[in-house]
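Since the structure comes first, as structure tokens, the remarks are kept for the end.
The values are calculated or read from the model by the stated rules, or taken from the named source; none is laboratory data. Quick caveat, the model's predicted, so the values are computed rather than measured. Methodologically, a virtual Cβ is constructed for each residue, glycine included, from the backbone with ideal geometry; neighbour enumeration extends over all protein chains shown.
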Amino acid sequence: MINFTYSIPTEIWFGKGQIKNIGSIAKKYGKKALIVYGGGSVKRNGILDDAKKYLAEAGVDCLELSGVEPNPRVTTVKKGADICKQENIDVVIPIGGGSTIDCAKVIAASAHYGGDPWDIVVDPSKITDVTPVISVLTLSATGSEMDTFAVISNMETNDKIGLGHPKMRPVASILDPTYTFTVNKFQTGAGTSDIISHILEIYFSNGEGYMQDRMAEALLKTVIHFGVIAIDEPDNYEARANLMWSSSWAINDTLTWGKPVAWTIHPMEHELSAYYDITHGAGLAILTPYWMEYVLSDKTVDKFAQYGVNVWDIDKNMDKYDIAKEAIKKTREYFNALGMPSTLHEVGIDDKLLDVMAKKASAGLEDAFVALTAEDVKKIYEMAL
Ligand code: NZQ
Ligand code: ZN
């Protein structure tokens, strides 16, 4: 295990009805809040009104920014940052999925930056301070509710960039699994695929972390078990609760610290979203099994066999290549069971931009579990067509 410093300061308020505490939580940080939300799901299911009621009771004044896009745009970040600066906002409260929370985090960071918010997306070392963020999660997927990251898109330049800063980790998050009962089958499948992908990105790394890997396997088994249940029974509390807490744990750094980790599938997917605005989890579900097939070799087969035995309960006495191939097959079948596409054509992507996307995605993949060049990435995209 390599050295690390453990610090996950996000206060978690988990369970039914925790929204009633939002006023007292927010009051600790100030009296003026900016509530940030997306296309309106939180209006329709009443979460926004509840939050506003409890904030008002606690004496917290609220302004609102609506319309955060899935794959949030830097233009929306700028709108929010301007409000924060003009109105001296003390606390930013995103209510929604990962897109809303990510947008709010970068709004909160941009509020303390004099220039264009895109500057800090490209270079987060420019972040000096971040207004406290309290997230109210409504979709189990990205883990943004408990991590330091945000992913912002610039559709003018076809860039989708992930940035991280310790100060962007929410100071508190309300995780009420009942809020995810209204998430439709497709978004539930995409969210579950995203959680699985986060764990796999960390699991398949070039370094041992015995404890981390066993925890990763336990989380994978949990998510695999409950993902399909949540699709069949949208208001199954245990399924939604297990997915929600797993989504936070998949990426809150617990699995990562102590291991050298460099992600592979996410950079490849972000290019698809940047150019074609597709749903993140669907892109990951398409690419992951093809990537697995592509990197399976004498060097990697033991890890894939371990994955097959410990996650998919494949007979450990079988030949290790057979176990690995069976595990990859089961991974694909599971994404299918979640209702995810398995080819790029299904999400409207053809071969026109493969070169440019492969070139951009491959920057930084030299340290990945298996180092990939632009040519390798293009081959994986071609397998996925
Ligand atoms: O906009 P509204 O009306 O709220 O509808 C949303 C949106 O259309 C809807 N939704 C959310 N909660 C709902 C609901 N519909 C009904 N009931 C509810 N309770 O779901 C749709 C998708 O929402 P979005 O926030 O875009 O989904 P997700 O949480 O999957 O976030 C995806 C974004 O996060 C980034 C992705 O790249 C993508 O931009 N990621 C962020 C990460 C992070 N911060 O660490 C890591 C991830 O790997 C990922 O890259
Ligand atoms: Zn993801």
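Give me the residue from region 327-385 that is in a helix (DSSP H, G or I) and basic (Lys, Arg) and, out of that set, nearest to residue 273 (Cα to Cα). Only one residue fits best here, namely 360. Here residue 77 meets each of (1) over 19 Å from the mean Cα position of the chain (by Cα); (2) touching a residue at least 60 places away in the same chain (Cβ under 8 Å) with one exception, condition (1).
Taking the criterion of being within 6 Å of ligand 1 (Cβ to nearest atom) and either surrounded by 22 or more Cβ atoms within 10 Å (Cβ to Cβ) or of a type in the set (S, T, N, Q) (or both), the residues of region 140-158 that qualify are 141, 142, 143, 144, 147, 150, 151. How about region 160-194: which of its residues are among the acidic types (Asp, Glu) and closer than 21 Å to residue 285 by Cα? 194 - this is the single residue of region 160-194 that is among the acidic types (Asp, Glu) and closer than 21 Å to residue 285 by Cα. Scanning region 88-139 for residues that are within 14 Å of ligand 1 (Cβ to nearest atom) and at positive phi yields a single hit, 96. The residue that is surrounded by the most Cβ atoms within 10 Å (Cβ to Cβ), counting only those in region 198-219 that are under 24 Å from residue 176 (Cβ atoms) and within 16 Å of ligand 1 (Cβ to nearest atom), is 198.
Considering region 308-326, the residues that are touching a helix residue (DSSP H, G or I) at 6+ places or on another chain (Cβ under 6 Å) and part of a loop (DSSP other than H, G, I, E, B) include one that is surrounded by the fewest Cβ atoms within 10 Å (Cβ to Cβ), namely 316. Within region 261-319, the residues that satisfy the criterion of being among the polar types (S, T, N, Q), closer than 22 Å to residue 221 by Cβ and away from ligand 2 (no atom under 14 Å from the Cβ) are 300, 306, 310, 317. Consider residue 279 carefully, then state whether it is modelled with pLDDT of 95 or more, in the same structural domain as residue 190 (by TED's automatic domain parsing), near ligand 1 (Cβ under 10 Å from one of its atoms) and buried (at least 21 other Cβ atoms within 10 Å of the Cβ). Against the criterion (modelled with pLDDT of 95 or more, in the same structural domain as residue 190 (by TED's automatic domain parsing), near ligand 1 (Cβ under 10 Å from one of its atoms) and buried (at least 21 other Cβ atoms within 10 Å of the Cβ)), residue 279 qualifies.
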